[in-house]
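Take a look at the structure set out below.
The values are calculated or read from the model by the stated rules, or taken from the named source; none is laboratory data. Since the structure is predicted, the reported quantities are computational estimates derived from the model, not experimental observations. Here the Cβ positions follow ideal geometry from the backbone for every residue, glycine too, while neighbour counts run over all protein chains shown.
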Amino acid sequence: MELVRADLISRARAGDGEAFRALTEPHRRELQVHCYRMLGSFQDAEDALQDTLLGAWRGLGGFDGRASLRTWLYRIATNRCLSALRSASRRPAKEWDIPGVEPPEPTRLGEVVWLEPYPDALFDGAINLPLGPEARYEQTESISLAFVTALQVLPPRQLAVLILRDVLGFHANEVADMLDTTVDSVKSALKRARAGLERRRSTAADREPPPAADSTTEDAIVAKFVSAWQSADIDALVDLLTDDVFMSMPPLPLEYEGRDVVAHFCATLFGAGRRFDLVPTRANGQPAFGAYLRTPTGIRHGTGLYVLTLAGNHICALTRFENTALPSFGLPRSLPR
């Protein structure tokens, strides 16, 4: 194996693009997920991945083999993401633009308006990898919308250290080398990052865990949600929500917290006879749906993507994304009659 890799590296350094792809392709998907955790945006992650691979191609002559190729690629990806965060022009907040629908007053305005969902189909081969000994989070938890959102409010260096140490399990000395800093600096940043993350996630600690993906329990909740949403049955929808259910809709900054407030928003959405059909998919390890507005012509227009966060046999969060997210999930912009 080492001889094969050495041959590929030698050929890639000589300009063989196929050899370079053979070296990097096994790591491509996990690097994209890493960039997504750091940036919170599917499109930004794809851009950072391309930038990482270009940097690796150009810098392969400097790869000395002291660290593994995987670690070297993570170093490049992490620093590309840090550069993107520091110079970032993140997506600006968007104003409400649904004609004929006036949203209720929000509970508050959200900070992470650039958040985008990540298709489960792309997690294959990226989240079931052996983790380093320092990892503290289950891989499924570390791709959830709640976790990725909480990461986004950490300072960039703390964000990078926490992901590399607690999510991926790299040793402190490996992280220090990736970030051109000291082990003491890494330990300090990790301590602050953990404290910041816990403050953001304290409410989630008291909730029931979600049911297993594709389990009977999850299937039952999903079926009830689809029935309630497609029939605009607010009472049935309310029965599925936790008391402290939370709803957000990036890039709109509007956020709603509490069963009554979320129910009021949904009732507003269903006003004037607006009715929707839902097409199932999965995002961030969670049930998700493309939402399509029915029209008198019979054609249904995609209006957005909803992701459910479950706690026990209830829904504790609803996240709505723009219809621009639909193509990433293989969903059409409209459905025929």
Task: Candidates Arg75, Arg86, Arg80 - the one that is over 25 Å from Tyr256 (Cβ atoms) and without any contact (Cβ under 8 Å) to a residue 60 or more places away in the chain - done: Arg80
TODO: Of the conditions (1) in contact with a Gly (Cβ under 9 Å, 6 or more places away or on another chain); (2) buried (at least 18 other Cβ atoms within 10 Å of the Cβ); (3) farther than 23 Å from Ala93 by Cα, Val245 clears all except one; give me its number.
DONE: (3)
TODO: Sort out which residues of the stretch 167-211 are surrounded by 13 or more Cβ atoms within 10 Å (Cβ to Cβ), of a type in the set (Val, Ile, Thr) and free of Cβ contacts under 8 Å to residues at least 60 places away in the same chain, and write them in order of number.
DONE: Val175, Thr181, Val183, Val186
Task: Test for Thr107: is it among the polar types (S, T, N, Q), farther than 20 Å from Leu151 by Cα and without any contact (Cβ under 8 Å) to a residue 60 or more places away in the chain - done: no
- [ ] Of the conditions (1) within 28 Å of Arg282 (Cβ to Cβ); (2) of a type in the set (A, V, I, L, M, F, W, C); (3) at pLDDT below 95, Leu115 clears all except one; give me its number.
- [x] (3)
Task: Members of the stretch 280-337 found to be touching a Lys or Arg at 6+ places or on another chain (Cβ under 6 Å), surrounded by 17 or more Cβ atoms within 10 Å (Cβ to Cβ) and assigned to a loop (DSSP other than H, G, I, E, B), listed by number - done: Arg294
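Would the stretch 126-140 turn up any residue that is of a type in the set (D, E, K, R) and surrounded by fewer than 15 Cβ atoms within 10 Å (Cβ to Cβ)? Break it down into steps so the answer makes sense when it comes.
Within the stretch 126-140, the first condition is being of a type in the set (D, E, K, R), and the residues that meet it are 134, 136, 138.
Going one step further and asking which of them are surrounded by fewer than 15 Cβ atoms within 10 Å (Cβ to Cβ), we end up with 136, 138.
So far as the stretch 126-140 goes, yes, one or more of its residues are of a type in the set (D, E, K, R) and surrounded by fewer than 15 Cβ atoms within 10 Å (Cβ to Cβ).
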